[in-house]
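Visitor: I have a structure here, written as structure tokens, and I will follow up with some questions on it.
The values are calculated or read from the model by the stated rules, or taken from the named source; none is laboratory data. Predicted model only: the values in this text are computed from it and were never measured. Cβ: placed from backbone, ideal geometry, glycine included. Neighbour counts: every protein chain shown. With ligands, DNA and RNA removed, areas are computed over all heavy atoms of the protein, side chains included. Shrake-Rupley method; radii C 1.70, N 1.55, O 1.52, S 1.80 Å.
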Amino acid sequence: MSSRTLPLLFINLGGEMLYILDQRLRAQNIPADKAKKVMNDIITTMFNKKFLEELFKPQELYSKKALRTVFDRLAHASIMRLNQASMDKVWMESCHLRSQPGTINLPSIAQTSAKCSV
């Protein structure tokens, strides 16, 4: 695989995770100010200048375990806390939206059942 694939993978999976978290925050009626803070904190962390500079250096893809660790830390870069089971669900939904090559299956709120604590 290309040594320049990691940034695209990170931004894609990060966007998927943000979509899922946003849906869960809305479904759980988290107050708008807290939900906004959660999303802003995660987005700010995702697009931190120093982090992006490192991310965009040509390098091999991270292992699945290492990538999962990055996303665990990213999800907890805000006031929100996810328990292990909820983070597992968010991670699986972020990584498995594409069940068949060339198709995209967006999760419904019913499918996205991670529990957010803010």
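Visitor: Mind checking which lysines have their Cα closer than 16 Å to the Cα of Lys34? Skip sequence neighbours fewer than 8 apart in that chain.
Guide: Lys115
Visitor: Related question: Treat every Asp and Glu Cβ in segment 5-98 as -1 and every Lys and Arg Cβ as +1, leave all other atoms uncharged, and give the resulting dipole magnitude about the Cα centre to the nearest 20 debye.
Guide: Details: 15 positive and 10 negative charges, 31 e Å.
Computed about the Cα centre, the dipole is about 140 debye.
Visitor: Follow-up question, since we're still on this one. Just to be sure I understand the model, the point goes 7 Å from the Cα along the line to the Cβ. What's the resulting Ala85 to Asp22 distance in nm?
Guide: Spacing of the two 7 Å Cα→Cβ label points: 2.8 nm.
Visitor: Among the lysines, which fall within straight-line cross-link reach of Lys57, defined as a Cα-Cα distance under 17 Å, with same-chain neighbours fewer than 8 residues apart omitted?
Guide: Reachable lysines: Lys49.
Visitor: Ok, one more. Using the C-alpha gyration tensor of segment 1-70, what are the square roots of 5 times its eigenvalues, in whole angstrom, with the largest one first?
Guide: Values: eigenvalues 150, 35, 14 Å².
Square roots of five times the eigenvalues give 27, 13, 8 Å.
Visitor: May I ask you to give the percent of accessible area on segment 5-98 that is carbon plus sulfur, with a probe radius of 1.4 Å? Please list the in-between numbers first.
Guide: On the way: 3160 of 5430 Å².
Carbon-and-sulfur percentage of accessible area, whole number: 58.
Visitor: Counting heavy atoms of the protein chains only and a 1.4 Å probe, report the per residue accessible area for segment 5-98 as a whole number of Å².
Guide: 58 Å²
Visitor: For a quick protection proxy, order the peptides 73-80, 24-31, 44-51 by their average other-Cβ count within 10 Å, most packed first. Write down the numbers at each step before the final one.
Guide: Values: 73-80: 17.1, 24-31: 14.8, 44-51: 12.5.
Peptide ranking by packing, descending: 73-80, 24-31, 44-51.
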